[in-house]
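Chemist: Before we start, here is the structure in question, set down as structure tokens.
No lab work stands behind these numbers, since they all come straight from the coordinates. Just so you know, these numbers come straight off a predicted model, no measurement behind them. Every residue, glycine among them, receives a Cβ derived from its backbone with ideal geometry; neighbour counts consider all protein chains shown.
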Ligand code: 13P
């Protein structure tokens, strides 16, 4: 049985006071959702104050990115060990904004995934097609390429510890959510890809989240799909009421 994961990606939003207040509002209700795991991913500069708020609550802390090297002359970067030090148990890797704005490659995502797992952090590896790729009928091949590159060389045991997030780029921040059928089709394909790479038992253990314009009013239908195991939420995660409304839809 896969436990739903409801994850908030705060992206580059909020200030310190706003991040603390949002974390407080989420943590206060963290016990109300025994059927789901809750996670918030603030900007890295606010991980520490948010960690202090979440301590003792059921809400987990995650980062939005990290670097794959352990330490050294990598100005501006943050290592997996530093995230562990701050209390992170998850890290989002290969988000489409990092792939398409910062030019992150599958190989970089793979290196970060390996480093996160080695440090004991759960990677949330994001994949997703552009609108032009969907319109050209390339969704399945794009997803297969991203999975093959981003998870290359991972053992079955490591794959089972990894979360995958399917985030169609055309649905991110646009209000244009994938239909439950569109999302489920890709999630089913993703699980089949994992079964082919590893085995059915491994594929059945991996949590696959959907992300892209998830709101309280569309979360129920999405989360009811057999292969959708949670949500990675951007805009709606910035309002505690909306984030918790989505968590309430996870049974
Ligand atoms: P929105 O929920 O704002 O569409 O963002 C989704 C996302 O990118 C989460 O990582």
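Chemist: Is it the case that residue 91 is within 29 Å of residue 217 (Cα to Cα), without any contact (Cβ under 8 Å) to a residue 60 or more places away in the chain and either in contact with a strand residue (DSSP E or B) (Cβ under 7 Å, 6 or more places away or on another chain) or within 16 Å of the ligand (Cβ to nearest atom) (or both)?
Modeler: When the stated conditions are applied, residue 91 passes them.
Chemist: Please count how many residues of segment 75-100 are in a loop (DSSP other than H, G, I, E, B) and farther than 20 Å from residue 160 by Cα.
Modeler: Total meeting the criteria: 7.
Chemist: Now for a separate question. Residues in segment 224-246 that are assigned to a helix (DSSP H, G or I) and within 14 Å of the ligand (Cβ to nearest atom): how many?
Modeler: Total satisfying the criteria: 8.
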